[in-house]
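Okay, so here's the structure we're looking at.
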Amino acid sequence: MTLSSPIDIVIHGRRSRAGRRRMVIVLLLGLIVALVAMTLMLGQNYTAPGDVLRVLLGQDVTGAAFAVGQLRLPRAVLSLLAGLSFGMGGAAFQIMLRNPLASPDIIGINLGASAAAVFAIVILQLNGPAVSIFAVTAELGVALAIYALSFRNGVAGTRLILVGIGVAAMLESFIAYTLSRAPAWNLQEAMRWLSGSVNGAQIGQAVPVLLALAVFGGLLLSRARDLDTLKLGDDTAAALGTNIALTRVIVMVAAVGIIAVATAVTGPISFVAFLSGSIAARMLGGNGSLLIPSALVGAVLVLLGDYVGQFLLPGRYPVGVVTGALGAPYLIYLIIRLNRSGGSL
Amino acid sequence: MIASGITTSGRAIPSYRANGIKVLWLFAMVAGLGLLLTLSVAVGTRYVGWADIMAALGGKVDSIDQAAVAVRIPRTLLAGLAGASLGLAGAIMQGVTRNPLADPGILGVNLGASLAVVIGVAWFNIASADAYIWTAVLGAGVSAVFVYTIGSLGRGGATPLKLALAGVATSVAFSSMVLAVVLPRADIAGGIRSWQVGGVGGVTFSAIAHALPFLVAGFALCLISARKLNSLALGDELAAGLGERVAVARAVAAFGAILLCGATTAICGPIGFVGLVVPHICRLLVGVDHRWLLPFSALAGACLLLAADIVGRIIARPNELEVGIVTAFVGAPFFIWIVRRQRVRDL
């Protein structure tokens, strides 16, 4: 009996990595199911699981039909979908630009959709799918503008992030300006566009988000392999046969699309896109594509953040405030760690 | 006196300007300030005739027109003072950190002051104007130290990128916390926007009077640091070699800037980018000698904020635009321009 051959080592390594990946995904799915169930069952008062199921099947249950069917279900569905969208889109950006700080909520791309949605709703008085289309177009425009503005003998990641910060400041004041012209200055609405919220969710709003998730999410997943090779650097990726320019364009459009549609409905839920990729990477330890695990982490974050904001804190907060308070210290920690290690920053 | 100062540090730094040109710019700037002060009193959401303006300046408030002008007077004063403070504070911060992107807004100082005031109002029942300002100055100081510490960790010290990122992260964290504190309290939630976007409207003389001692102290500390900042610009080792106590010089200047930012934010709310744009423009006009740069930054800051306030009043008639929104629109492209100009290695 000799030592196992190199091939055996590779096979063993592959199996154990696949096993860890499977375990993480199952764990996250379990968490999501539990959180959705919790959102449906617990509110101002408790609803028994049996009653929840009957409402979901369309029966009329006295005392529960409205609370579960009209209030909690749309909220749970929208949280889930928005979380999936932000998580996947954010991870795609971070992988493509090879920098955890290059997530769309930090470099201001998210705010593009937010600003467009506010403009469409307040000034143009649009609603429904028109707002989504407007948001996607504007967000794509903002993403391209940031990319173009940071282009000087190639795009440097650091310049991109700094330009993004500048653009974000402008978009923020544009949102503030537009909101100040809204007929009634409504705090609830303002919160949605400043930090993201799923308050007052309606089930109809979930349709565009679901569609975008199917189309753009599918597009991203179809490019998952090419995206992974981009992690190794442009030269290596090209040598491995990846069409870099095409991959960049597709990933950019898909990630922007997926995030823009969700933002048009819930507002820019702070830091979910930024946190999801980093947390998923930590959980997986670098095994395989990050897209699906990040999406799941995003869903967990939004569901959990919404629940915490509604019931566990004194006073009721929109989900964006909770994720913002959670994400900002992590961002600071990440910067401290990068600075200490003297990394690429 | 001036000549000897230039010979000690002048050779190392080019782009000193001839005194004649600087004096010329000084006159132009003062004239501009005078013009803007006049315009700020005369122009507004409401059209008012010259007769009423003169009457209001004389203290009469007999008609609506005269009352409108009477409201514009403290506002003009505040815009001038706040602009001067922010411009000067920006110049100091860029000098102290030797970082072209340093600005009270970008470094999170303004939001630190906002957060401190909000916490004070919500939990400690502060109500007096003086308490407001003390709290704001405290918040500004804590967040400035915090951001600078994070930004200067690791190799290379406080590079523009690290400092800007630390500032942005801190600002976002603070603005989440402001929301978290404010939202459940209906009594202060109504003014939520005033903690996010700075404005100079609706101010009274008494509020300005309370802030005045802080502003005066801040101006004094900043202006006496000019010569020391010139030495610091040569690098820490050389400055120490010239007999400067580097840490003390930094601390005094930074404290002055924090006093200015804190007091300004306590009255106006966070106003970004004035401190970024103004020193850069002034450096183009009068060069890098801080003894000229600092007073010039104060003057130009006052001009910029007055102009922004006037534009904000005209552009959105019959409503008006907070001055913080206008400065962000002017300042953010400028920020991007500076970022583009830098070499990647220096970021």
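The values are calculated or read from the model by the stated rules, or taken from the named source; none is laboratory data. A quick note: this is a predicted structure, and the numbers were derived from the prediction, not measured. When we count neighbours, we look across all protein chains shown, and the Cβ atoms used for this are built from the backbone with ideal geometry, even at glycine. We work out accessible area using only protein heavy atoms, side chains counted, and drop any ligands, DNA or RNA first. Shrake-Rupley method; radii C 1.70, N 1.55, O 1.52, S 1.80 Å.
How about segment A:270-345: which helices (runs of 4 or more DSSP H) wholly inside it have at least 2 residues that are surrounded by fewer than 20 Cβ atoms within 10 Å (Cβ to Cβ)?
Answer list for segment A:270-345: A:272-284, A:319-340.
Quick one: how many residues across segment A:257-269 are assigned to a helix (DSSP H, G or I) and either touching a Pro at 6+ places or on another chain (Cβ under 6 Å) or not aliphatic (A, V, I, L, M) (or both)?
Qualifying residue count for the region: 5.
For A:Leu326, all conditions in the list (1) within 16 Å of A:Gly217 (Cβ to Cβ); (2) under 17 Å from the mean Cα position of the chain (by Cα); (3) aliphatic (A, V, I, L, M) hold save one; what is the number of the exception?
(1)
Here are some residues: B:Leu77, B:Leu39, B:Leu57. Which one is open to solvent by 20 Å² or more (accessible area, probe 1.4 Å), in contact (Cβ under 8 Å) with a residue 40 or more places away in the chain and over 28 Å from B:Leu221 (Cβ atoms)?
B:Leu39
Give the residues of segment B:120-176 that are within 20 Å of the chain's Cα centre (by Cα), under 18 Å from B:Ile92 (Cα atoms), aliphatic (A, V, I, L, M) and open to solvent by less than 40 Å² (accessible area, probe 1.4 Å), sorted by residue number.
If the condition is that a residue be within 20 Å of the chain's Cα centre (by Cα), under 18 Å from B:Ile92 (Cα atoms), aliphatic (A, V, I, L, M) and open to solvent by less than 40 Å² (accessible area, probe 1.4 Å), then B:Val137, B:Ala140, B:Ala144, B:Val147, B:Leu163, B:Ala164 are the ones that fit.
Using the structure shown, decide if B:Ala217 is assigned to a helix (DSSP H, G or I), modelled with pLDDT under 90 and surrounded by fewer than 18 Cβ atoms within 10 Å (Cβ to Cβ).
no
For segment B:94-119, how many residues are touching a Gly at 6+ places or on another chain (Cβ under 7 Å), closer than 27 Å to A:Leu162 by Cβ, open to solvent by 10 Å² or more (accessible area, probe 1.4 Å) and part of a helix (DSSP H, G or I)?
Total meeting the criteria: 1.
Residues that are at pLDDT 80 or above, under 30 Å from B:Ile310 (Cβ atoms) and assigned to a helix (DSSP H, G or I): does segment B:149-164 have at least one?
no
Quick check: is even one residue across segment A:83-96 within 22 Å of A:Ala281 (Cα to Cα), at pLDDT 80 or above and out of contact with any helix residue (DSSP H, G or I) (no Cβ under 6 Å at 6 or more places or on another chain)?
no
For segment A:150-173, enumerate the residues that are open to solvent by 20 Å² or more (accessible area, probe 1.4 Å), at pLDDT 80 or above and more than 8 Å from chain B (Cβ to nearest Cβ).
Of everything in segment A:150-173, just one residue is open to solvent by 20 Å² or more (accessible area, probe 1.4 Å), at pLDDT 80 or above and more than 8 Å from chain B (Cβ to nearest Cβ), namely A:Leu171.
Name every residue in segment A:12-66 that is part of a helix (DSSP H, G or I) and aromatic (Phe, Trp, Tyr), in order of residue number.
A:Phe66
Here is a check on your reading of the model: is B:Ala144 hydrophobic (A, V, I, L, M, F, W, C), at pLDDT 80 or above and outside any loop (DSSP other than H, G, I, E, B)?
Judged against the criteria, B:Ala144 is a match.
Examine segment A:2-11 for a residue that is within 22 Å of A:Leu291 (Cα to Cα) and surrounded by 11 or more Cβ atoms within 10 Å (Cβ to Cβ), and state whether such a residue exists.
no
Being among the β-branched types (Val, Ile, Thr), in contact (Cβ under 8 Å) with a residue 24 or more places away in the chain and away from chain B (no Cβ under 14 Å) is the filter here, so list the residues in segment A:221-277 that pass it.
Within segment A:221-277, A:Thr247, A:Ile250, A:Val251, A:Val253, A:Val256, A:Ile258, A:Ile259, A:Val261, A:Thr263, A:Val265, A:Thr266 qualify.
Which numbered condition in (1) within 12 Å of chain B (Cβ to nearest Cβ); (2) touching a Gly at 6+ places or on another chain (Cβ under 6 Å); (3) not β-branched (Val, Ile, Thr) is the only one that A:Ala138 fails?
It is condition (1) that A:Ala138 fails.
Which of the residues spanning segment A:231-243 are modelled with pLDDT under 80 and not in a loop (DSSP other than H, G, I, E, B)?
A:Asp234, the sole residue that qualifies.
Do you know which residues across segment B:255-294 are over 25 Å from B:Leu306 (Cα atoms) and within 19 Å of the chain's Cα centre (by Cα)?
Passing the criteria: only B:Phe255.
Out of all the residues in segment B:328-341, is one or more away from chain A (no Cβ under 13 Å) and touching a helix residue (DSSP H, G or I) at 6+ places or on another chain (Cβ under 8 Å)?
Among the residues of segment B:328-341, not one is away from chain A (no Cβ under 13 Å) and touching a helix residue (DSSP H, G or I) at 6+ places or on another chain (Cβ under 8 Å), which makes the answer no.
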